[in-house]
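**Student:** The structure follows.
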Amino acid sequence: MAQRNARELRELARSLVARHAVTDGSVFRLADHDPGDTGPFADGEREAMRDSTKELLADGVKILADMQDRLYAQDRWSLLLVFQAMDAAGKDGVIKHVMSGINPQGCEVHSFKAPSAEELDHDFMWRCSRLAPRRGMIGILNRSYYEEVLVVRVHREHLSRQQLPKELVTSAIWQERHQDIRSYERYLARQGTIIRKFFLNVSRDEQRRRFLERIDEPSKNWKFSAADVDERAHWDAYMRCYEETIRETAAGHAPWIVVPADHKWYTRLVVASAIGEAMASVDLQYPVLDAPARATLAECRARLLAE
Ligand code: ATP
Ligand code: MG
């Protein structure tokens, strides 16, 4: 496939983001989103695309690296990337690939498992909010506070471990949590945090195929846990929670990107595109020195030359 130039890449990225981003939750239906979708790439082109994604992603990653450099140097904005998905949807792989060209000093990845006793003794946002990215930084959440309206809702026993005063646990709790998440993200956005939330939308069939691969392939055994198979029994409940959560928390300043996740090459392309678009949405520039700072530079230059 012919090399694409930067302008073409940008166009492709824009069209992929437009296809999969949800900024207005009120009309969102998960049923409208096909996990096997490969976007603008028709069957004929799919094979070629899969093979050429490596180069395409490599070009995309260079662009991301350049933007991250400016983000870091400018020290005004920060970028918060939230990844949510069912098991084996490819969160780890997508984070690894898409961020491969990024300067590690400007990026932090945090993974969230079932909460510890200390975490349970705090409000639900605490363990994430204390890790919110500083200005200039990219913060990646591999699972996040969204688990509080997903796994905790599907398995109510998690809620009873949360030490909440019982009069605060009412039937409105999920609605209240959605509201709290909306307020938190609105607050972060007003503080200069660019937010993108990714739901890697894998199909139940593809998850099954990947689990079998994890069982049959010794080098992948470590990724498999028997509990993951039990969780499949709750698939429909999870999908209902995801749908409602996306409906309730998608916003212009904090869109959900519902990423088709049955084809890994396409998942990576969409995620890289959305991150690029997110950074391109603000004016990332290297700081320009004022006159006194420029004079200091000139003086230092003269001193170095005189040595
Ligand atoms: P992953 O499944 O993200 O690839 P992993 O398999 O290494 O990671 P697990 O031990 O499966 O790690 O931990 C993730 C599990 O923790 C998930 O099942 C998730 O639903 C659960 N979890 C995350 N946050 C919470 C929470 N706030 N309350 C209860 N369970 C949670
Ligand atoms: Mg797991």
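The values are calculated or read from the model by the stated rules, or taken from the named source; none is laboratory data. Bear in mind that the values here come from a model prediction, so they are computed numbers and not experimental data. No Cβ is skipped: glycine too gets one built from the backbone with ideal geometry, and neighbour counts run over all protein chains shown. Quick note on the areas: whole protein, heavy atoms, side chains included, nothing else; ligands and nucleic acids left out. Shrake-Rupley method; radii C 1.70, N 1.55, O 1.52, S 1.80 Å.
**Student:** So what are region 82-165's ellipsoid semi-axes, whole angstrom, largest first, if each one is the square root of 5 times an eigenvalue of the alpha-carbon gyration tensor? Please list the in-between numbers first.
**Tutor:** Values: eigenvalues 139, 54, 13 Å².
Taking √(5λ) for each Cα gyration eigenvalue gives 26, 16, 8 Å.
**Student:** Next question, about the same structure. So what's the angle, to the nearest 10 degrees on a 0 to 90 scale, between helix 204-216 and the longest Cα principal axis of the chain?
**Tutor:** So the helix axis and the longest Cα principal axis differ by about 80 degrees.
**Student:** Here is a follow-up. Enumerate the lysines that Lys54 could reach by cross-link, defined here as Cα to Cα under 26 Å, with residues fewer than 8 away along the same chain left out.
**Tutor:** Straight-line reach from Lys54, under 26 Å: Lys62, Lys91, Lys96, Lys197, Lys220, Lys223, Lys264.
**Student:** Taking the Kirkwood radius as the inverse of the mean 1/r across Cα pairs, report the Rg/Rh of region 1-57.
**Tutor:** Numbers: Rg = 13.6 Å, Rh = 13.2 Å.
That ratio equals 1.03.
**Student:** So what does the Cα-only Debye profile of region 1-102 read at q = 0.10, 0.18, 0.21 Å⁻¹, as log10 I(q)/I(0), no solvent term?
**Tutor:** Once normalised to I(0) and log-transformed, intensities are -0.37, -1.22, -1.51.
**Student:** Here is a further query. Work out, step by step, the length gained on full extension between Glu217 and Gln105: first 0.36 nm times the residue separation, then minus their alpha carbon distance; give nm to one decimal.
**Tutor:** 36.9 nm
**Student:** Computed over the Cα atoms of region 6-306, what is the convex hull's projected area averaged over all directions, in nm²?
**Tutor:** If I average the Cα hull's projected area over directions, I get 20.3 nm².
**Student:** Please give the charge dipole size of the chain, origin at the Cα centre, charges +1 on K and R Cβ atoms and -1 on D and E Cβ atoms. Round to the nearest 20 debye. Let's see the in-between values first.
**Tutor:** Working: 45 positive and 47 negative charges, 103 e Å.
Using only the charged Cβ atoms, the result is roughly 500 debye.
**Student:** Given a 1.4 Å probe, how much area per residue of region 6-306 is accessible, in Å²?
**Tutor:** Ligands and nucleic acids excluded, the figure is 52 Å² per residue.
**Student:** Hey, got the dipole for region 205-270? About the Cα centre, +1 on K and R Cβ, -1 on D and E Cβ, debye to the nearest 20? Could you put the intermediate results ahead of the total?
**Tutor:** Numbers: 11 positive and 13 negative charges, 57 e Å.
The dipole magnitude comes to about 280 debye.
**Student:** Hey, any idea what % of region 6-306's accessible area is carbon plus sulfur with a 1.4 Å probe?
**Tutor:** Details: 7850 of 15710 Å².
For region 6-306, the apolar C and S fraction of the accessible surface comes to 50 percent.
**Student:** Taking every DSSP beta bridge with both residues inside the chain, roughly what % is antiparallel (nearest 5)? Don't skip to the answer; put the middle values down first.
**Tutor:** On the way: 3 of 26 bridges.
So the antiparallel bridges amount to about 10 percent of the total.
**Student:** Considering only Tyr184, Tyr238, Tyr145, give the residue with the highest GNM mean-square fluctuation for the chain, with springs between Cα atoms whenever their separation is below 10 Å.
**Tutor:** It is Tyr184.
**Student:** Work out the charge dipole of region 249-307 with +1 on the Cβ of Lys and Arg and -1 on the Cβ of Asp and Glu about the Cα centre, then indicate which of Ala250, Pro287, Ser273 is farthest towards its positive end.
**Tutor:** Working it through, the farthest residue towards the positive pole turns out to be Ser273.
**Student:** Right, something else. So what's the angle, to the nearest 10 degrees on a 0 to 90 scale, between helix 173-190 and the longest Cα principal axis of the chain?
**Tutor:** Long axis of 173-190 versus the principal axis of the chain: about 0 degrees.
**Student:** Putting +1 on Lys and Arg Cβ atoms and -1 on Asp and Glu Cβ atoms, find which of Gly25, Val109, Ala306 reaches farthest to the positive end of the dipole of region 6-306.
**Tutor:** Most positive-ward Cα: Ala306.
**Student:** Using Cα springs under 10 Å in a Gaussian network model of the chain, which residue among His178, His20, His155 shows the largest mean-square fluctuation?
**Tutor:** Of the options given, His155 has the highest mean-square fluctuation.
**Student:** Starting from the 7 Å offset along Cα-to-Cβ, what nm value, one decimal, do you get for the label separation of Arg303 and Val27?
**Tutor:** Distance between label points: 6.2 nm.
**Student:** How far apart, in nm, are two points set 7 Å out from the Cα along the Cα-to-Cβ line at Asp290 and at Glu55?
**Tutor:** With each label point 7 Å from Cα toward Cβ, the separation is 4.9 nm.
**Student:** When the helix-only estimate is applied to the chain (DSSP H runs of n ≥ 4, each -39,500 (n - 2.57), divided by the residue count), what is the mean residue ellipticity at 222 nm, nearest 500 deg cm²/dmol?
**Tutor:** Estimated from H runs of four or more residues: -16000 deg cm²/dmol.
**Student:** Hey, could you pull the Cα Rg and Dmax for region 223-288, both in Å?
**Tutor:** 17.0, 56
**Student:** Nearest 10 degrees, 0 to 90: what angle lies between the long axis of helix 6-20 and the longest principal axis of the chain (Cα atoms)?
**Tutor:** Helix 6-20 sits at roughly 20 degrees to that axis.
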